[in-house]
1. State yes or no: is V12 modelled with pLDDT of 95 or more, in a strand (DSSP E or B) and surrounded by 16 or more Cβ atoms within 10 Å (Cβ to Cβ)?
2. Looking only at the range 19-53, which residues are outside any strand (DSSP E or B) and either closer than 14 Å to T78 by Cα or hydroxyl-bearing (S, T, Y) (or both)?
3. How many residues, within the range 74-97, are modelled with pLDDT under 95 and touching a Leu at 6+ places or on another chain (Cβ under 9 Å)?
Amino acid sequence: QVQLVESGGELVQAGGSLRLSCAASGRTFSIYAMGWFRQAPGKEREFVTAINWSASSIEYANSVKGRFTISRDNAKNTLYLQMNSLKPEDTAVYYCAASGGWGPLSTLRYDYWGQGTLVTVSS
């Protein structure tokens, strides 16, 4: 089993920045890829970004390209999401997820999920 714990979500003004973290524990050696998804009220969970173990493969949703940056520190078993130029439409619960393979866009490819952290962007 792998446990994932997100942190860093808070209320921020439009145009501001936040950095989310996701700490992994347990059988972390089984993790190949990690990703961030988000779910706004009344909407389905959507892909934000993902990264493989070596950081040689990274994917971003079009809606966040150029504004968000994903990174991981394997020594610390921690995943990060740097979010800049935040917009009100970025408001959502952000979830960290881990997978033993690479199929970054689909929630079905992820085996483990965190509990989520709320990001609220005010206009």
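1. Details: modelled with pLDDT of 95 or more: yes; in a strand (DSSP E or B): yes; surrounded by 16 or more Cβ atoms within 10 Å (Cβ to Cβ): yes.
Considered against the rule, which asks whether it is modelled with pLDDT of 95 or more, in a strand (DSSP E or B) and surrounded by 16 or more Cβ atoms within 10 Å (Cβ to Cβ), V12 comes out as yes.
2. Let us first name the residues in the range 19-53 that are outside any strand (DSSP E or B), namely 27-32, 40-45, 53.
Listed by number, the residues that qualify are R27, T28, F29, S30, I31, Y32, W53.
3. Residues that pass the stated criteria total 0.
Residues are listed down the side, and each one gets a yes or a no for (1) touching a residue at least 60 places away in the same chain (Cβ under 8 Å); (2) acidic (D, E); (3) open to solvent by 20 Å² or more (accessible area, probe 1.4 Å):
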{"position": "V5", "(1), (2), (3)": "yes, no, yes"}
{"position": "R19", "(1), (2), (3)": "yes, no, yes"}
{"position": "C22", "(1), (2), (3)": "yes, no, no"}
{"position": "K43", "(1), (2), (3)": "no, no, yes"}
{"position": "V48", "(1), (2), (3)": "no, no, no"}
{"position": "T69", "(1), (2), (3)": "no, no, yes"}
{"position": "N77", "(1), (2), (3)": "no, no, yes"}
{"position": "L105", "(1), (2), (3)": "no, no, yes"}
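The values are calculated or read from the model by the stated rules, or taken from the named source; none is laboratory data. What you are looking at is a predicted structure, and each value in this text was computed from that prediction instead of being measured. Cβ: placed from backbone, ideal geometry, glycine included. Neighbour counts: every protein chain shown. Ligands, DNA and RNA are excluded from the accessible area calculation, which covers all protein heavy atoms including side chains. Shrake-Rupley method; radii C 1.70, N 1.55, O 1.52, S 1.80 Å.
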